[in-house]
Structures are given as structure tokens and as C-alpha cells.
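Asker: Sharing a structure with you now.
The values are calculated or read from the model by the stated rules, or taken from the named source; none is laboratory data. As the structure is a computational prediction, the values presented were derived from the model and not from experiment. Reconstructed Cβ throughout: ideal geometry from the backbone, glycine too, with neighbour counts over all protein chains shown. What goes into the accessible areas is simple: the full protein's heavy atoms, side chains included, and nothing from ligands, DNA or RNA. Shrake-Rupley method; radii C 1.70, N 1.55, O 1.52, S 1.80 Å.
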Amino acid sequence: MTAENILAETYPFVVRPLPYEYDALVPVLDEETLHFHHDKHYKTYVDNLNNVLSEYPELQNMSLKELLSDIEVLPAQVQTPIRNNGGGVFNHEFYFESMKNPVGQIPEGALAEAIEKDFGSYEKWKEQMKQAAVSKFGSGWAWLVSDPQGELSIIQTANQDVPDLNEFTPILPVDVWEHAYYLQYQNRRAEYVEGWFDLINWKKAAGRYESAVGNSK
Ligand code: MN
């Protein structure tokens, strides 16, 4: 599944199963953490988004991308719930799809080259990405994103806000809400983020990058 598939989803939204077993990300993320994160937190965003849209038939054919790209054109009373819950749906599906069992994956393809070009090296990129994730105050996300020319950058978003989808293609997300790590790591966010790098599904990230610059296979 790619970001494009996620963003094409429409009402009624369904809980996507994890693309791996609940113990697939051990030791970085344990089963209990994934069960709570996927089965409780993520599911709540899906349920809440469906509840909001159930009362607005005129919004039910809009894709997740359309709902999240121009929130200010939506009816005033649904803007905040769609921002929070629609963002929560996209961010979590994208996050879960971006990980795989930690078996020594490394950046590949044009994305690996772009990381070298835009950050100097994988290690320098990792340092900056980690800094963005660890320093995000409160609840939110750190992202690797690409612009349409293929230039990479690292951004942070607050709460369940998504990156500006008119400007960027998301490539990789790291969830730094406490619910993503607290059961296992308590307050040690940096340790969780360090482990997250071992979980990155670089094949998926490389495919997203190729789509972003328009030379998708
Ligand atoms: Mn989360």
C-alpha cells in the first residue's frame, strides 16, 4: 500500500489491519504497544471520522486527500474534527505502513541518493530526523517529506496535523505522541526514536519518493 492508496480512501473508513504480525517489530516495539496503538488509538480516529462524516452526505465522496488538503473550505463545524480525526487516520495508516521487522534495511534507490544530496549522508539525515522527533514539544509528528522537484526536507507537525499535502509528498513519519512509546519506553522518547530507524521500510519509502518526483515504476 502506498500513501496514494491511503489518501484515496473515502467514507466509510475501515480499520486497516497491520501489514505484519503484532510481534513483528520486537524488540523496538512490543506487542502490547502495537495492540494499544493500532487497536485502540488508531481505531478511535477511524470511528470518530466516520461519526463526523455520517451527518454530512455531501462530504462522503471526498477522498481523505481532498478532506485534508483544503480543510478551510469544509463546513466550519467539521473543520476541527476532520483535521484531528482525518489526520489521525492518515498519519497512523502511513506510520504503520512505513515500518517492517528490523532486519537491517538501508535506504535504497533515488531516495538514498537524495538523502546524500540534501543532508550530506544517511548519518547526518538520521541526526536531523532524530532531533526533529525528540524536540517536538508535546504531541505530534516528525516527517521526511519531498517537494515535487524531489528536494527532501524534515518537518514537524502538531497533534494529528498532516504535512501540507499541496506542497509536499510525505515519505516517512515518526509518531512522537506518548501513546506511541510510553508503555514500553515511559519517558525515554529518544530511545524509541533511535529504535524507529531500524524499523523503516525503505522499499516503501523509495517508492513514495519515486512517485513524488513523477518517475514511478
Ligand atoms: Mn499514534
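Asker: Could you please give the count of residues in region 109-130 that are surrounded by fewer than 13 Cβ atoms within 10 Å (Cβ to Cβ) and either hydroxyl-bearing (Ser, Thr, Tyr) or under 15 Å from Val213 (Cβ atoms) (or both)?
Answerer: 2
Asker: List the helices (runs of 4 or more DSSP H) inside region 3-96, counting only whole elements, that have at least 3 residues being of a type outside the set (A, V, I, L, M, F, W, C).
Answerer: On the way: elements: 3-7, 31-34, 43-54, 64-69, 76-81.
Qualifying helices (runs of 4 or more DSSP H): 31-34, 43-54, 64-69, 76-81.
Asker: I would also like to ask the following. Within region 193-206, can you find the residues that are of a type outside the set (Lys, Arg) and either open to solvent by less than 10 Å² (accessible area, probe 1.4 Å) or more than 15 Å from the chain's Cα centre (by Cα) (or both)?
Answerer: Hits for region 193-206 are Val193, Glu194, Gly195, Trp196, Phe197, Asp198, Leu199, Ile200, Trp202, Ala205, Ala206.
Asker: Any idea which residue in region 70-101 is surrounded by the most Cβ atoms within 10 Å (Cβ to Cβ), counting only those that are more than 16 Å from the ligand (Cβ to nearest atom) and under 18 Å from the mean Cα position of the chain (by Cα)?
Answerer: Ile82
Asker: Quick check on region 170-192. Is at least one of its residues open to solvent by 40 Å² or more (accessible area, probe 1.4 Å) and farther than 25 Å from Ala24 by Cβ?
Answerer: Yes, region 170-192 has at least one match.
Asker: To continue, here is another question. If you scan region 1-46, which residues turn out to be free of Cβ contacts under 8 Å to residues at least 60 places away in the same chain and within 15 Å of the ligand (Cβ to nearest atom)?
Answerer: Val15, Leu34, His35, His38, Asp39, Lys40, Tyr42, Lys43, Thr44, Val46
Asker: Which ones in region 1-43 are among the β-branched types (Val, Ile, Thr) and exposed (fewer than 14 other Cβ atoms within 10 Å of the Cβ)?
Answerer: Within region 1-43, just Val14 meets the criteria.
Asker: Specify which of the listed residues (Val145, Val176, Val134) is closer than 26 Å to Asn84 by Cβ, hydrophobic (A, V, I, L, M, F, W, C), in contact (Cβ under 8 Å) with a residue 24 or more places away in the chain and within 15 Å of the ligand (Cβ to nearest atom).
Answerer: Answer to the selection: Val176.
Asker: Here's a follow-up. Evaluate region 46-65: report whether one residue or more is touching a Gly at 6+ places or on another chain (Cβ under 8 Å) and open to solvent by 30 Å² or more (accessible area, probe 1.4 Å).
Answerer: yes
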